[in-house]
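Remarks on the structure that follows.
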Amino acid sequence: MIRSYWISLLNVVCEMAPYLLLGFLIAGLLHVLVPKGFYRKYLSRDNKWAVLWAALLGVPLPLCSCGVIPTAIGLRKENASKGAVASFLIATPQTGIDSILATFSLLGLGFAIVRPVAALITGVCGGLLVNRFAGEEEASSDSSSRCSVESGFWLVRVLRYAFVDLLQDIGGRLVIGLLLAALIQVVVPEGFFLRFGNYPLLQMLVILVVAIPMYICSTGSIPVAAALMMKGLSPGAALVMLMAGPAVNLASILVVRKALGQRFTWIYLGTIVVFSVLFGLLLNAIGLSVPVSVSSACCASSALPSTFKLICAAMLTLLIITALIMKLLDLFRKRKTKAEDPLLNEYVVEGMHCSHCEAAVCRALEDVPGVESASASASRKLLTVRGTASEEVIRAAVEKTGYTFKGKK
């Protein structure tokens, strides 16, 4: 069993690695070369076109369900319509350049096309429903803090974002997804989900119950869905996992409810659930078959992948390890600095789950009097602030971004 597990893991990683590396690179190009004000320009119009633009611009972005929230709240503060914010929140985390390519590598062209199309339609419909039923509240007069300008040669910035920042953000969860996929392949009996074969809707409801509360990124969900399909899960139920899993989690639900309101949250959540099931049923009705790449990647086999795929897998593994080590070293440096500096204070902040969340919290403190510098750690739920600002002032700034401030550590 152990040998089968490692062979299955190797095949999954090799199948995804070339597309992941290319996807990360494209994500870095989007991050650096697209003007910072481009997205706000097209989302700040209070009309139906803003809802469409929000979904179109959000689909290729590599933001997770928690990372997209501070971005969406910032857009709301820039007077973006609530419908556009909802469309952006729903469509963006379901997919991205990296996950589209990874989906193609494991699940085939059909899934690679259906997934972003479903995200786009779901986002647009959710935004229109919010405009219709959630109403417009008075926009906050406070603008979100601007991101500091990145410096350095553009290619260096592209590579750093693609293979350091982005991997630090989703690398750990991607590894967990790959490990789970291999484990499912070995542990789950063949045809496990076939017992629900006559009840495809039941399969989807079971997947929803599991997928909605937990956090899983759009890329990390792919190998898990592929492995489950090989165990008898219908393509429609797999699509439900790929849509609902990345789009929402318990933490994001709580933050959205606090920042954007209860009615907004119910429409946001209900749209994701209903449309994921509808697209799942449609996919089953079309009769999309399991592609050969799923079998080759998820089924244990003694045959080794091609040399090119092995090289790509080795590069991806090395990049993930390096990015995570850099993240750990940065945490150690911050702890050492705190011990030597009496002006440093640590506060517990809940609701952060990725580097985008960390950046949002830090940006909120940029213009606060008495704050000289700030850094955040999502994994430790920790905000480190240097300066003379009081705890009450810091609390007010953090809670404006939608996160929960718990006081000093």
Exercise. Could you say which residue among Ile216, Ile212, Ile222 is modelled with pLDDT under 75 and either closer than 17 Å to Val114 by Cα or under 17 Å from the mean Cα position of the chain (by Cα) (or both)?
Worked result: Ile216
For this session: Tell me, yes or no, whether the stretch 268-286 has at least one residue that is more than 20 Å from Ala119 (Cβ to Cβ) and either surrounded by 24 or more Cβ atoms within 10 Å (Cβ to Cβ) or touching a residue at least 60 places away in the same chain (Cβ under 8 Å) (or both).
Result: no
For this session: Being open to solvent by less than 50 Å² (accessible area, probe 1.4 Å), of a type outside the set (A, V, I, L, M), modelled with pLDDT under 80 and part of a helix (DSSP H, G or I) is the filter here, so list the residues in the stretch 29-60 that pass it.
Result: Tyr39, Tyr42
For this session: Output the residue which, of all residues in the stretch 1-28 that are in a helix (DSSP H, G or I) and surrounded by fewer than 16 Cβ atoms within 10 Å (Cβ to Cβ), is modelled with the highest pLDDT.
Result: Trp6
Exercise. Taking the stated definitions as given, is Met315 modelled with pLDDT of 90 or more, of a type outside the set (Gly, Ala, Ser), part of a helix (DSSP H, G or I) and open to solvent by 40 Å² or more (accessible area, probe 1.4 Å)?
Worked result: yes
For this session: Give the residues of the stretch 82-106 that are of a type in the set (A, V, I, L, M, F, W, C), modelled with pLDDT of 85 or more and open to solvent by less than 10 Å² (accessible area, probe 1.4 Å), sorted by residue number.
Result: Ala84, Val85, Ala86, Phe88, Leu89, Ile90, Ala91
Problem set entry | Set Phe279, Phe308, Phe332, Phe275: member being among the hydrophobic types (A, V, I, L, M, F, W, C), in a helix (DSSP H, G or I), at pLDDT 85 or above and over 23 Å from the mean Cα position of the chain (by Cα) | Phe308
Problem set entry | Unmet criterion (only one of (1) of a type in the set (Gly, Ala, Ser); (2) in contact with a helix residue (DSSP H, G or I) (Cβ under 8 Å, 6 or more places away or on another chain); (3) at pLDDT below 80; (4) within 25 Å of Met352 (Cβ to Cβ)) for Ala134 | (4)
Problem set entry | Test set (1) open to solvent by less than 10 Å² (accessible area, probe 1.4 Å); (2) modelled with pLDDT under 80; (3) polar (S, T, N, Q) - Asn79 fails condition number | (1)
Problem set entry | Pairs with Cβ under 8 Å, 6+ apart, first in the stretch 101-113 and farther than 12 Å from Tyr19 by Cβ, second among the aliphatic types (A, V, I, L, M) and not in a helix (DSSP H, G or I) | Gly110/Leu288; Phe111/Leu288
Problem set entry | Odd one out for Ala396, checked against (1) touching a Leu at 6+ places or on another chain (Cβ under 9 Å); (2) modelled with pLDDT of 85 or more | (1)
For this session: Could you check how many residues of the stretch 256-267 are in contact (Cβ under 8 Å) with a residue 40 or more places away in the chain and either open to solvent by 10 Å² or more (accessible area, probe 1.4 Å) or closer than 16 Å to Ala211 by Cα (or both)?
Result: 6
Problem set entry | Of all residues in the stretch 155-205 being open to solvent by 20 Å² or more (accessible area, probe 1.4 Å) and among the acidic types (Asp, Glu), the one that is modelled with the lowest pLDDT | Glu190
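The values are calculated or read from the model by the stated rules, or taken from the named source; none is laboratory data. Model, not experiment: these values are computed from the prediction. Glycine also receives a Cβ, built like all others from the backbone with ideal geometry; neighbour counts cover every protein chain displayed. Just so you know, the surface numbers come from the protein's heavy atoms only, side chains and all, with ligands and any DNA or RNA stripped out. Shrake-Rupley method; radii C 1.70, N 1.55, O 1.52, S 1.80 Å.
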